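The values are calculated or read from the model by the stated rules, or taken from the named source; none is laboratory data. Note that this is a predicted model, so its numbers are computed, not measured. Heads up, the Cβs are rebuilt from the backbone with ideal geometry, glycines too, and the neighbour counts pull from every protein chain shown.
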Amino acid sequence: MSNAPLMPKATAVWLVENTSLTFEQIANFCKLHPLEVKGIADGEVAAGIKGHDPITSGQLTREEIAAAEADENRLLQLAVSKVRLPEPSRKRGARYTPLSRRQDRPNAILWLVRNHPELKDAQIMRLAGTTKTTLQAVRDRTHWNSAALTPIDPVSLGLCSQMDLDLEVNRAAKDRPPVEEDRSQTLVPSEVTTRQAPEQPTTEAGVFGVSNVEKAGPETNINVDSVFAKLNDLKLKE
């Protein structure tokens, strides 16, 4: 109930016994029906309930009660506590798995192990709602029902949501070290393979633009006189 005092029936019992407030005022403050408050006054309702003092608990002040007693049309106002208590932190417990789905846990574990080997054991245990012993038995193929296990998506089994699965997969991908690409088998672009080699210029001195004399180099010396002498000898013999 919104804006209702703690232990409304016990508070109503105390107000009936210790104040002269009307039934409507008490019923409005305690969020009860006026006939129920009248039954409390007659002893027909809330028999055996000990009255709770709203003044000591800080829910009402004496001035507020006195002002309401003086005016029948005045409604009691719940006192605002000056002390603000921090909201208790809710710890996320283990996800509840229905009995009809618990037998499908090994199938979900097998699916996660095969399709997402990058997941850690703790992540698989969270997604499938299983234990370390069952996970290890499925991974090592030592589970009692290993021969009949079939990999099934845990999302389709209702063991986890698609958002939870994507979150764990992305988290595992961030923790995985980067893999260097093997470029030894990279194909050469077509522009390189189809490009024609430039033609080499040819000259009278040689195919590659270098004369035979240049190939010989400066160390090669030709004796012109001996060449002509040999030619003359050949003519005389003829």
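Brief remarks on what is shown
- Of the residues making up region 68-87, one or more are at pLDDT below 90 and within 30 Å of residue 164 (Cα to Cα).
- Residues satisfying the stated conditions in region 119-161, i.e. among the polar types (S, T, N, Q), closer than 15 Å to residue 104 by Cα and part of a helix (DSSP H, G or I): 134, 146, 156
- Beta carbons closer than 6 Å, at least 6 apart along the sequence or on distinct chains, pair a first residue in region 22-36 that is outside any helix (DSSP H, G or I) with a second that is of a type in the set (Asp, Glu) for 22/72.
- Test: residue 112 is in the same structural domain as residue 144 (by TED's automatic domain parsing) and either modelled with pLDDT of 90 or more or at positive phi (or both): yes
- Which listed residue is assigned to a helix (DSSP H, G or I) and touching a residue at least 12 places away in the same chain (Cβ under 8 Å), from 65, 49: 65
- Test for residue 50: is it of a type in the set (Lys, Arg) and modelled with pLDDT under 90: yes
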